[in-house]
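Here is the structure we will look at, set down as structure tokens.
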Amino acid sequence: MTGKVSYRIGQIRIDNEAAILAAAVREFAEHGFSGASISRVAEGAGVARTNVHYYFKSKEELYARILTDVVEMWNQSFPTITAEDDPGETLEAYIRAKLAFSRTNPLSSKIFASEILRGAPLLKDYLEKNYRSWLRGKTRVIQSWIAQGKMDPVDPYYLIFLIWSSTQHYADFDIQVKTALGKKKLSERDFQAIADNIVHIVLRGCGIKNRRRILKRLPSG
């Protein structure tokens, strides 16, 4: 009996935290850090304000949790890579994973972009230490692919920056994209076509032949 009670209490904690984080993502995306309200987060999550502070001591802590969750999810989409891996398959998988995140978690991406635009006060230490180390590890592997003749001698940093900007664009600037294409919403099919095109452009730009992929145009209307 005790075990069942403990499990139920543990599940309640998990559910409450998930609801708070989901409500906080909506709140920070709509109002920014300065304009966000813990009271509205609590209301959106369906919990008391005191419950929010039980899980997160301050608005800064809640905001930082959202930011680190975004970065960790992005990092997981570009897992451990080695010099023996195929660069075409690896880069394609990364591009598609990043675009999938832009489709399913656009608000989180916008919050991250907003934090960067305001000088990354809460992420600065992380970016200068952990993230820089993570990025250097990836660039070393890409440089090894270049040394092996698997791809053209492009700058690994600029390559990764290009992938970041081209994939996150469809979350951070979705209004611009939808307006330009005359669409109210980008569908899963649209994102498939977007991925096909970005993969084609990036791999060709790196001198990597993409034999399997057939280019698709964005559907009209």
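The table for this structure:
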| item | result |
| --- | --- |
| From the coordinates shown, Cα extents along the principal axes in Å corresponds to which of [x] 58, 43, 42; [y] 59, 52, 40; [z] 59, 40, 30 | [x] |
| Computed Kirkwood radius, in angstrom, where 1/r is averaged over Cα pairs of region 69-108 | 10.8 Å |
| CD proxy at 222 nm, helix term only [per DSSP H run n ≥ 4: -39500 (n - 2.57); per residue of the chain; nearest 500] | -23500 deg cm²/dmol |
| Of GLU115, GLU92, GLU61, the one that fluctuates the most in a GNM where the chain has Cα springs shorter than 10 Å | GLU61 |
| In sequence order, calculated HN-Hα J values of region 107-121 (Karplus, 6.51, -1.76, 1.60; Hz; x Gly/Pro) | 5, 4, 5, 5, 5, 4, 4, 5, 5, 5, 5, 8, x, 6, x |
| Fraction in percent of alpha-carbon pairs per bin - 10 Å, region 24-80 | 23, 48, 21, 8, 0 |
| Square roots of five times the Cα gyration tensor eigenvalues for region 78-148, Å | 26, 18, 8 |
| Within a Gaussian network of the chain (alpha carbon springs, distance under 10 Å), most fluctuating of LYS138, LYS57, LYS150 | LYS57 |
| Translational diffusion coefficient (Stokes-Einstein; Kirkwood radius from C-alpha pairs) of region 105-192 at 4 °C, 1.567 mPa s, in µm²/s | 84 µm²/s |
| Test item: Cα-centred dipole of the chain, Lys/Arg +1 and Asp/Glu -1 on Cβ, debye | 460 debye |
| Choice from ARG65, ARG13, ARG96 with maximal GNM fluctuation in the chain (Cα, 10 Å cutoff) | ARG13 |
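Read-outs: derived from the displayed coordinates by stated rules, not from any lab. Remember, it's a predicted structure, so these values are computed and weren't measured experimentally. Cβ atoms come from the backbone with ideal geometry, glycine included; neighbour counts cover every protein chain shown.
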